[in-house]
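**Student:** Got a structure for you, written out below as structure tokens; questions coming shortly.
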Amino acid sequence: MSTPKEWVEFENKGEVGVRDDLAMRRYGEFRQAHAEHWLAHKSAERISASNSQQAAAAARAAAAAERAVEAAERAAAAAEEQASQAQRANRIAATALIIAISGAIMSLFALAKKIT
């Protein structure tokens, strides 16, 4: 396992610097193994961070989808209510029309009776 001193040195050089040192064979066998281990650790950290970001993005997308479903359900309920109110208004209008026609017919009979 690498010592904290080596890891601090690797951190200070950064991944590019450590890779360059490995490519130039500036490390002995022992330090080379530790440098490779540190690089693998850094790669795993990046993958873990990426997975965390992807999981967070997926959670945000799921929450947005849930909000969209709730909005669609509210819109459907409002549409049903409007349809129900329209049917009621149509029934009232039809009843008023029947009453008006009945009144007109009665007026015609009354007028016809006066004329004869």
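Bear in mind that the values in this text are calculations on the coordinates, not laboratory data. In this text, all values refer to a predicted model and were calculated from it rather than measured experimentally. With ideal geometry, Cβ positions are generated from the backbone for all residues, glycine too; neighbour counts draw on all protein chains shown.
**Student:** Can you tell which of A62, T116, S50 lies farthest toward the positive end of the dipole of the chain, using +1 and -1 charges on the Cβ of basic and acidic side chains (Lys, Arg; Asp, Glu)?
**Tutor:** Positive-most Cα among the choices belongs to T116.
**Student:** How big is the dipole moment of the chain about its Cα centre under a simple scheme where the beta carbon of each Lys and Arg is +1, that of each Asp and Glu is -1, and everything else is neutral? Debye, nearest 20, please.
**Tutor:** For this selection, approximately 960 debye.
**Student:** Assuming 1.567 mPa s and 4 °C, estimate D for the chain with Stokes-Einstein, Rh taken as the Kirkwood radius over Cα pairs, in µm²/s.
**Tutor:** The Stokes-Einstein estimate is 58 µm²/s.
**Student:** Still on this structure, I have one more. In whole Å, how far is the Cα centre of the stretch 7-38 from that of the stretch 39-108?
**Tutor:** The stretch 7-38 and the stretch 39-108 have Cα centres separated by 58 Å.
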